[in-house]
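The structure appears right after this line, and notes come after that.
All of the numbers you see were taken from the coordinates with simple rules; none came from a lab. Fair warning: this is a prediction, and the values are worked out from it, not measured in the lab. Virtual Cβ from ideal backbone geometry, glycine too; neighbours counted across all protein chains shown.
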Amino acid sequence: MNELATRLESLHEAAFQWALHCSAGVRQDAEDGLQATYEALLDGSACFKGQSSFKSFLFAVIRNKIRSQARKKKVRRLVGLDDVRTPKVEAQGSKALEDAERRRAIRRALEELSPKQRDVLELVFYHDLTIEEAAQVMGVRLGTARTHYKRAKEGMRRELMKGGLQWKSATTGT
Amino acid sequence: MEERDDRYLRESYNQARPHSGERAPDFESMMERAQDASRARRHAGRRVWLAAAAVLLAVSVAVFSLMSADTELPEASPQAQSVEAVTDDEDRLAAPSVVDDERWEELVELADELWEEEYPTDFLLVSLENDELWE
């Protein structure tokens, strides 16, 4: 019990970020999903059997809980990313403006991706999971996850190249 | 080259990912709520099991009572009881309650006569001694 609590506490922030991603940025849904996950882990209805890393197991439970909550509420899982609450950028100077513009361009690129592609990017890029672990979390085969990952990167690259400057500056190392 | 592309994409994503400004709620309070909810669910589950066991017990008792009622023999009627009383006691030839005494005596006499006519005593004795007749 204490060991479980310690593990959960160490992953709490990441778990909440993943919950937030799964609930399309709706904070209340993310909190409810995370709460339901902790309850399931405490009462043993979700039990870690060591078949994967604890983090990927936890993320899979969170994803399932939020999906089942969304089904109950009959709400579509993902809304447009424009609807998502994002931190305000206090633009100060050209660097800040450039950063804000860059973020908007990346957001636009992400909007073009499918939900699964966004999931795999979130898991691999932000949560540092391997593609195999991401596949476990998403409940898909490894090959499928690889395809989503590859297409997500291609899609993101393509959309960023449309924007021009950001991608060029990255590839030229400036 | 691909590695550098990946690194750039990763950095870009992490800088621009949605909801990055949101912070998680307090872990301790979430765990407390989860423990309370888990405990409440366990108690509710126990109550459901108890209620189910009570219903099962009540149904079992009802079924058993019905089955017992079906298999119980009906109580013998007063007439049947009188006949049984007479036949149980061979020495007693009192009239059953359904026949008055006078009529009963006539019937007994008539039976004796018929018996003697049909089965004379000698024949009966011979018959009893002769095993073959009984085989």
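Excluding B:Arg7 itself, what net charge comes from residues whose Cβ is under 14 Å from its Cβ, given Lys and Arg +1 and Asp and Glu -1? Spell out each step's value before the answer.
On the way: positive: A:Lys153, A:Arg157, B:Arg4, B:Arg10; negative: A:Asp128, B:Glu2, B:Glu3, B:Asp5, B:Asp6, B:Glu11.
Neighbour charge sum, excluding B:Arg7 itself: -2.
What nm value, rounded to one decimal, do you get for the distance between B:Glu117 and A:Cys47 when each label is placed 7 Å out toward the C-beta?
The two pseudo-label positions are separated by 9.1 nm.
Using label points projected 7 Å from each Cα along Cα→Cβ, tell me how many nm separate A:Glu101 and B:Leu107, to one decimal.
12.6
To the nearest 0.05, what FRET efficiency results for B:Val55 and A:Thr147 with a Förster distance of 45 Å applied to their C-beta separation? Let's see the in-between values first.
Working: r = 53 Å, r/R0 = 1.17.
Computed FRET efficiency for B:Val55 and A:Thr147: 0.30.
Taking the Cα centre of the stretch A:91-168 as the origin, how large is its charge dipole in debye, to the nearest 20, when only Lys and Arg (+1) and Asp and Glu (-1) carry charge on their Cβ atoms? Before the final figure, lay out each step's value.
On the way: 17 positive and 12 negative charges, 73 e Å.
With only Lys, Arg, Asp and Glu charged at Cβ, the dipole is about 360 debye.
Identify the trypsin sites (Lys or Arg not before Pro) of the stretch A:24-68 meeting these criteria: DSSP loop state and at most 15 other C-beta atoms within 10 Å of the C-beta.
Details: sites: A:Arg27, A:Lys49, A:Lys55, A:Arg63, A:Lys65, A:Arg67; in loops: A:Lys49.
Those that pass, being in a loop and sparsely packed, are A:Lys49.
What spacing in nm lies between the two simple spin-label points modelled at A:Arg158 and B:Phe64, each 7 Å away from Cα in the Cβ direction?
Result for the modelled spin labels: 7.4 nm.
Given R₀ = 51 Å, FRET efficiency for B:Ala44-A:Ser94 by Cβ-Cβ distance, to 0.05?
On the way: r = 60 Å, r/R0 = 1.18.
E(calc), rounded to 0.05, equals 0.25.
Other chains near B:29-38: what is the mean number of their Cβ atoms within 10 Å of each residue's Cβ? Walk me through the numbers before you get to the answer.
Numbers: counts 0, 10, 10, 1, 4, 11, 6, 1, 6, 8.
Mean inter-chain Cβ contacts per residue within 10 Å come to 6.
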